[in-house]
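Student: I am attaching a structure below and will ask some questions about it afterwards.
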Amino acid sequence: MDAVTIHHLDSVWDDSVDEPLALYDSSDPSVQTGSYVIEPGERVPETGTTSHEGDEISVILEGEVELVADGERYTAGPGTLSVIEAGTPHYSVNTGEEPCRLVYTVLGGL
């Protein structure tokens, strides 16, 4: 691997639909960074909640998503950064009319 890797996000969005696309993955320490497109009306996960062994950090680049964590609702739109602490049960819903494009990093295990 080169010392520097550049990802042009415009070229990865099509591969980020339906599931996250890992753009960087490391096991020492455990880190994953990727891109994700959440379509209008889409809920992630489809049912229930998800949680991770590590903190999840997301930057919303376009669109808007409603994040529900521990029963609290938050709205994240363009130019916002969300941090979900490790072990927090959560899900996201795109309640808007345009796709939500985000870049995420999980610090620790998925």
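Student: Please determine whether any residue of the range 89-110 is in contact with a strand residue (DSSP E or B) (Cβ under 8 Å, 6 or more places away or on another chain), more than 23 Å from ASP14 (Cα to Cα) and polar (S, T, N, Q).
Tutor: Looking through the range 89-110, none of the residues is in contact with a strand residue (DSSP E or B) (Cβ under 8 Å, 6 or more places away or on another chain), more than 23 Å from ASP14 (Cα to Cα) and polar (S, T, N, Q).
Student: So GLY34 clears everything in (1) of a type in the set (Gly, Ala, Ser); (2) farther than 23 Å from PRO89 by Cβ; (3) in contact with a Pro (Cβ under 8 Å, 6 or more places away or on another chain) except one condition, right? Which one?
Tutor: (2)
Student: In the range 1-23, which residues are over 16 Å from PRO99 (Cα atoms) and of a type in the set (Asp, Glu)?
Tutor: To start, the set of residues in the range 1-23 that are over 16 Å from PRO99 (Cα atoms) comprises 1-8, 22-23.
Passing the criteria: only ASP2.
Student: Whether any residue in the range 59-77 is in contact with an Asp or Glu (Cβ under 6 Å, 6 or more places away or on another chain), in a loop (DSSP other than H, G, I, E, B), without any contact (Cβ under 8 Å) to a residue 60 or more places away in the chain and on the phi > 0 side of the Ramachandran plot is what I want to check.
Tutor: yes
Student: Output the residue which, of all residues in the range 24-37 that are touching a Leu at 6+ places or on another chain (Cβ under 9 Å) and either under 16 Å from LEU67 (Cα atoms) or not hydroxyl-bearing (Ser, Thr, Tyr) (or both), is surrounded by the fewest Cβ atoms within 10 Å (Cβ to Cβ). Explain how you work it out, then say what you get.
Tutor: Filtering the range 24-37 down to residues touching a Leu at 6+ places or on another chain (Cβ under 9 Å) leaves 29-37.
Among the residues that remain, those that are also either under 16 Å from LEU67 (Cα atoms) or not hydroxyl-bearing (Ser, Thr, Tyr) (or both) are: 29, 31-32, 34, 36-37.
Working: PRO29: 9, VAL31: 15, GLN32: 21, GLY34: 20, TYR36: 21, VAL37: 22.
In this case the residue turns out to be PRO29.
Student: Go through (1) at pLDDT below 95; (2) open to solvent by 20 Å² or more (accessible area, probe 1.4 Å); (3) out of contact with any Gly (no Cβ under 6 Å at 6 or more places or on another chain) for GLU66 and report which single condition fails.
Tutor: Only one criterion is unmet by GLU66, namely (1).
Student: Quick check: anything in the range 4-26 in a strand (DSSP E or B), among the aromatic types (Phe, Trp, Tyr) and at pLDDT below 95? Quick ask: steps written out before the conclusion?
Tutor: Pass one, the range 4-26, residues in a strand (DSSP E or B): 17, 21-26.
After this cut, where a residue has to be among the aromatic types (Phe, Trp, Tyr) as well, the list is 24.
Adding the requirement that they be at pLDDT below 95 leaves 24.
Yes - at least one qualifying residue is present in the range 4-26.
Student: Going through the range 70-92 one residue at a time, which ones are within 14 Å of the chain's Cα centre (by Cα) and surrounded by 15 or more Cβ atoms within 10 Å (Cβ to Cβ)?
Tutor: ALA76, THR80, SER82, ILE84, HIS90, TYR91, SER92, listed by residue number.
Student: Also, I was wondering about something else. State which residue is nearest to GLU42 (Cα to Cα) when the search covers only the range 76-104 and only residues that are of a type in the set (S, T, N, Q) and at pLDDT 95 or above. Please lay out each step first, then the result.
Tutor: Narrowing the range 76-104 to residues of a type in the set (S, T, N, Q): 80, 82, 88, 92, 94-95.
Next, from what is left, pick out any that are at pLDDT 95 or above: 92, 94.
Working: SER92: 8, ASN94: 6 Å.
Filtering the range 76-104 for residues that are of a type in the set (S, T, N, Q) and at pLDDT 95 or above, the one nearest to GLU42 (Cα to Cα) comes out as ASN94.
Student: Now a separate question. Inspect the range 38-53 for any residue being in contact (Cβ under 8 Å) with a residue 60 or more places away in the chain and either open to solvent by 30 Å² or more (accessible area, probe 1.4 Å) or assigned to a strand (DSSP E or B) (or both) and give the result as yes or no.
Tutor: In the first step, residues of the range 38-53 are kept if they are in contact (Cβ under 8 Å) with a residue 60 or more places away in the chain; the result is 38-39.
Cutting the leftovers down to either open to solvent by 30 Å² or more (accessible area, probe 1.4 Å) or assigned to a strand (DSSP E or B) (or both) gives us 38-39.
There is at least one residue in the range 38-53 that is in contact (Cβ under 8 Å) with a residue 60 or more places away in the chain and either open to solvent by 30 Å² or more (accessible area, probe 1.4 Å) or assigned to a strand (DSSP E or B) (or both).
The values are calculated or read from the model by the stated rules, or taken from the named source; none is laboratory data. Computed from a predicted model, the values in this text were never measured in an experiment. No Cβ is skipped: glycine too gets one built from the backbone with ideal geometry, and neighbour counts run over all protein chains shown. Each accessible area value is taken on the protein alone, full model and side chains, heavy atoms only, with ligands, DNA and RNA left out. Shrake-Rupley method; radii C 1.70, N 1.55, O 1.52, S 1.80 Å.
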